Amino acid sequence: MPRERGCQRSSGRHSRTAHAELSSMSHMEHLLREGHYAQCLSSSAPIFLASIMQHLTAKVLELAGNVAQNSGQRHITPELAVMAVHHSTLLNGSFGMTTISLVAPARH
């Protein structure tokens, strides 16, 4: 695939995935390039997006673990993840009416 002018790849001794310690970074880069969201993609964009996804996943799992522990359950289920997201003001504002694992948000 020919490179467009101005889109240069940085050369380094370590891959960006290894440097950022993010396993999903190359997948994010592939999706961003395949989606044609911009003519030129910054080399830091997939790293930034993968780190955001990793942080959000960790936060949802942490909150779902807290909900599971408070309700006396030993495992995190999709329902607990939904409860955790929709009881968190920050995540609820971000995800809104998003369906997680085919579990619709509960109406109160």
Residue pairs, Cβ under 6 Å, 6 or more apart or interchain, first in the range 65-87 and among the acidic types (Asp, Glu), second open to solvent by less than 80 Å² (accessible area, probe 1.4 Å). List them. GLU79/VAL103
Would you mind stating whether ALA50 is small (Gly, Ala, Ser), more than 18 Å from the chain's Cα centre (by Cα), assigned to a helix (DSSP H, G or I) and surrounded by 13 or more Cβ atoms within 10 Å (Cβ to Cβ)? no
Is there a residue in the range 13-29 that is out of contact with any Lys or Arg (no Cβ under 6 Å at 6 or more places or on another chain) and modelled with pLDDT of 85 or more? no
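The values are calculated or read from the model by the stated rules, or taken from the named source; none is laboratory data. Remember, it's a predicted structure, so these values are computed and weren't measured experimentally. Heads up, the Cβs are rebuilt from the backbone with ideal geometry, glycines too, and the neighbour counts pull from every protein chain shown. We work out accessible area using only protein heavy atoms, side chains counted, and drop any ligands, DNA or RNA first. Shrake-Rupley method; radii C 1.70, N 1.55, O 1.52, S 1.80 Å.
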